[in-house]
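Student: Quick one: the structure is below, questions incoming.
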């Protein structure tokens with residue numbers, strides 16, 4: 001499965017958990033969905049781009065998003081870094097954009113939903129290599 005498809009599958013898992021259980025904290029969503037932190041944040045970015053997830057303090061719920069200003073802005077930073085520097089792994093993208101890892105993955109989820117990036121796992125470095133489509 002393509003990395004970006006995995007982000008979409010993760011978004012579906014988060015959506016189902018929130019639909020079934022109602023508002024939950026990040027740790028509870030991760031427990032129910034069996035997602036790691038990276039996949040969770042990519043899923044949140046994906047769902048935010050679809051205008052389907054909302055965060056109030058540390059609680060997430062389904063509904064019109066209030067995350068566009070943060071995740072959308074960060075997605076723009078990542079897109080510009082990829083445009084300028086070409087394919088990069090997540091560690092370099094984090095440095096180039098000065099984003100925390102969780103914010104980077106949310107931005108990647110957003111860009112993945114927009115079908116603007118593609119990526120592969122770099123098993124040696126335990127990172128992802130991302131490039132613009």
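Student: Mind counting the residues in segment 80-90 that are part of a helix (DSSP H, G or I) and either in contact with a helix residue (DSSP H, G or I) (Cβ under 9 Å, 6 or more places away or on another chain) or in contact (Cβ under 8 Å) with a residue 60 or more places away in the chain (or both)? Talk me through it step by step, then tell me what you get.
Tutor: Within segment 80-90, the subset part of a helix (DSSP H, G or I) is 80-85, 90.
Within this subset, residues satisfying the condition of being either in contact with a helix residue (DSSP H, G or I) (Cβ under 9 Å, 6 or more places away or on another chain) or in contact (Cβ under 8 Å) with a residue 60 or more places away in the chain (or both) are 80-82, 84-85, 90.
Looking only at that region, the number is 6.
Student: Kindly establish whether residue 131 is without any contact (Cβ under 8 Å) to a residue 60 or more places away in the chain, more than 13 Å from the chain's Cα centre (by Cα), surrounded by fewer than 19 Cβ atoms within 10 Å (Cβ to Cβ) and part of a helix (DSSP H, G or I). Working first, answer last.
Tutor: Values: without any contact (Cβ under 8 Å) to a residue 60 or more places away in the chain: yes; more than 13 Å from the chain's Cα centre (by Cα): yes; surrounded by fewer than 19 Cβ atoms within 10 Å (Cβ to Cβ): yes; part of a helix (DSSP H, G or I): no.
So residue 131 does not fit the description; no.
Okay, residues lined up against (1) more than 13 Å from the chain's Cα centre (by Cα); (2) surrounded by 21 or more Cβ atoms within 10 Å (Cβ to Cβ); (3) within 30 Å of residue 22 (Cβ to Cβ):
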position	(1), (2), (3)
39	no, yes, yes
80	yes, no, no
104	no, yes, yes
114	no, no, yes
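Student: Got at least one residue in segment 45-59 being touching a helix residue (DSSP H, G or I) at 6+ places or on another chain (Cβ under 8 Å), modelled with pLDDT under 95 and either under 27 Å from residue 27 (Cβ atoms) or surrounded by 13 or more Cβ atoms within 10 Å (Cβ to Cβ) (or both)?
Tutor: Looking for residues that are touching a helix residue (DSSP H, G or I) at 6+ places or on another chain (Cβ under 8 Å), modelled with pLDDT under 95 and either under 27 Å from residue 27 (Cβ atoms) or surrounded by 13 or more Cβ atoms within 10 Å (Cβ to Cβ) (or both), one finds at least one in segment 45-59, hence yes.
The values are calculated or read from the model by the stated rules, or taken from the named source; none is laboratory data. This is a predicted model, so every value here is computed, not measured. Neighbour counts are summed over all protein chains in view; Cβ atoms, including those assigned to glycine, are modelled from backbone coordinates with ideal geometry.
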